[in-house]
Structure formats: structure tokens, C-alpha cells
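Some notes on the structure that comes next.
The values are calculated or read from the model by the stated rules, or taken from the named source; none is laboratory data. What you are looking at is a predicted structure, and each value in this text was computed from that prediction instead of being measured. Every residue, glycine among them, receives a Cβ derived from its backbone with ideal geometry; neighbour counts consider all protein chains shown. Only protein heavy atoms, including side chains, enter the accessible area calculation; ligands, DNA and RNA are left aside. Shrake-Rupley method; radii C 1.70, N 1.55, O 1.52, S 1.80 Å.
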Amino acid sequence: MLITKKSDVIPSDITSKENFENRRTLIKATGASIVTASGIFTGMLNRTANAASSKQKISNFVKTKYGVDEKLTPYDDVTSYNNYYEFGTSKTDPSIESRLFEPSPWSISIEGAVKKNKQIGIEDFFRLAPLEERIYRMRCVEGWSMVIPWLGLPLSKLIQWAEPTANAKFVEFISLSDDRMMPGQRIPVLDWPYVEGLRMDEAMNPLTIMALGMYGEVLPNQNGAPLRLVVPWKYGFKGAKAIVKIRFTETMPKTSWVKAGPNEYGFYANVNPTVDHPRWTQSSERRIGGGLFTPRIKTQMFNGYTEQVGQLYTGLDLSKNF
Ligand SMILES: Nc1nc2c(c(=O)[nH]1)N[C@H]1C(S)=C(S)[C@@H](COP(=O)(O)O)O[C@H]1N2
Ligand SMILES: [Mo]
């Protein structure tokens, strides 16, 4: 289950994988620290020469088969139309209000039902496995959608490293709590910090990733730098941004949106065109980036990922467990 299927890797990308391995050996051999004053990723990444973007390019990743036929949402839309209440509740707030946010240094603590508590620095995180590019359709519960080329690691790799015990039935993701850097947290629109969760088998599903980048670069602050969850068959709010803590639990985590409105938001939040949200239809969606008069498109069950995840929910009443 933890092993990446060979078929997920496109043969022409073997080179980049080899490069990754070479680079890894090199780093090991020289013992070079990859933490520098200029940023956490130096050594794996080269700061881009392009003045228009201050984002660091990620040079080593494996391309995968996921979403290669999809038309990508323009970068400018993905980085200027965001939901990230820590930086304000309007779509344009996060790109503006997160400008001074510092995503480094950063470490993630792992606790709860694990052999022992652990800490992992972001720079070690991406050494758990090669970074993969996954192009995923993303569907927000509000009715809009995007297609984003993420760079990340299967969450299963982190879980394997974390060594959860048999008591671990769920995984809880906790975002940063810092009302100095996150001005939206001064307003109690949600019970801060932002909390999300997955059932263990959902977390272990090969589709579930922890993203560190997108469009070949490290994540912009407004998209969840330095590390966020991506679960493409669920509504966007499951994808917690700026994660600092991962806790394995025996009982279902109490997530921020379920606490805020249990009639509107469920723990599962699987994309489901047959179960409407009280305020928004879920049967169709507006694909961002196509212009004002682009017709809405049909929303697919599990956002089109039924083949990969449908079996997780056999016997579960999805209209009750929305
Ligand atoms: N910490 C945190 N994570 C969050 C949110 C948030 O407000 N805070 N919003 C969620 C919602 S509702 C959506 S649709 C996605 C949007 O991700 P994007 O801005 O990268 O498209 O982030 C999710 N993750
Ligand atoms: Mo959302």
C-alpha cells in the first residue's frame, strides 16, 4: 500500500527521479546543510532568476500520470482567488494580507496515537520521498473549481515514518495559530486554529498528498505555505493550509467547519453532486479562469475520482454522512 505503483510514474521522468536520487546521495555525502539564511529549500531548489516571481523553483520532482489531460487554471487565478480565513474572509484578502507571512523556519509536530512524539522540519519532510507533480481537479463547496499542478508527497509516506499505533483511527491536521502574522485570527469567524481531519484509510489513500509546491515552485503564502493538505475527492475546505501539527486519534476529530455549522459542513465532505449544501447547489460548478460567460460544468461524484476512492465508502449513507 505504501509503495508507489510503477504505473503512476511516466517512463520519460525516470531521469528526474534519478537526478533526485543523485542529489540526495550528494547531500548525504557532503553532509551539506540545506538550511540557509535565504530559505529552507536551498540545495534542492534554485531561487528563480525571474524578477516577476520571488518564489523558489523546485528543480527535482517526478511527473506522474495524474491529470495530464486537464487544462490548468491560470497561475494568477489560483494565487488571487483564495479561501484562507486566517487572512480575511474575502477571496482577494489572502494574496494581499499574507505578504508578510514568514513560512520559515517551520516544523511539524507529530503526536497522539504514535509510538513516540516526533518533530520534523520542513527541509527533512521532502526527503521522505521524491516530490511528485500531481495535477488535480479541486472543488470548493461554494461551487467553484480549479485545476492545480501540485508538488507534494503522498501522505502515506509521512504516516509510515510517523509510526502510528493500532489505536490511530483518524488523523487530525492543525494549522498555525498566530494572530500576529495571521490578522484574520483576531476575528472569531472560526474556532482557531483551523482544524481538519481524515479517517485513517482516507489519509493512506494514494491520492492524498501533502503539498509543498505548485506550478514547479514552492507554495505561495496564500495557497498554504509551506505545507498543506490536498484531498482532491473532497471539498476544498478539507485541505488545511500552513499545517504545524498532525495528531493521530482514536475518535473523529472535531473540525473547524463542522463546529462552525454542523448542518452545512460534514466531516466527510466528499464531493457529491446529489447532496446539496443548504446554500449552494453541488450538481454543477464554475471552473475559474474561463471568463465570465463560461458555462457551468457538471460536478462529478467524488470529483471524478470514484475509481480510486469509491471503495472507501461502501455501506456508508453519503446523504447522512455528508
Ligand atoms: N488554514 C486554512 N486552510 C484552508 C482554509 C482556511 O480558511 N484556513 N480554507 C479552505 C478552503 S474553503 C478552500 S476552498 C481551500 C482553498 O485553497 P486554495 O486557496 O489553495 O485554492 O483551502 C482550504 N484550506
Ligand atoms: Mo472552500
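Stretching the chain fully between Gln300 and Asn117 yields a gain of 62.0 nm (0.36 nm per residue, less the alpha carbon separation). When the scattering of the range 60-313 is computed by the Debye formula from its Cα atoms alone, each counted once and equally, what is log10 I(q)/I(0) at q = 0.11, 0.18 Å⁻¹? Evaluating at q = 0.11, 0.18 Å⁻¹ gives log10 I(q)/I(0) of -0.55, -1.73. Remark on Ser59: its backbone amide H falls under 5 Å from those of Asn46, a criterion applied only to residues 5 or more positions apart or on other chains, H modelled at 1.01 Å from N. For the residues Lys71, Lys241, a 1.4 Å probe over the protein chains yields an accessible-area ranking, largest first, of Lys71, Lys241. The lysines whose alpha-carbon is closer than 22 Å to the alpha-carbon of Lys320, local same-chain residues fewer than 8 away aside, are Lys169, Lys234, Lys238, Lys254, Lys259. The Cβ shell under 11 Å around Asn272 holds other residues with a net charge of +1, Lys and Arg each +1, Asp and Glu each -1.
So, counting K/R as plus one and D/E as minus one, what does the shell of residues with Cβ under 14 Å around Phe293 add up to? So the environment of Phe293 carries a net charge of +3. At a Cα cut-off below 17 Å, give the aspartates and glutamates reachable from Lys116, other chains included and same-chain residues fewer than 8 away excluded. Qualifying aspartates and glutamates at Cα under 17 Å: Glu163, Glu172, Glu250.
Return the distance in nm (one decimal) between the two label points of a simple spin-label model at Leu318 and Val275, each offset 7 Å from Cα along Cα→Cβ. Taking the two extended label points, one gets 0.8 nm. Across all Cα pairs in the range 201-303, the calculated P(r) in 10 Å bins from zero up to the longest distance comes to 12, 37, 39, 11, 1 percent per bin.
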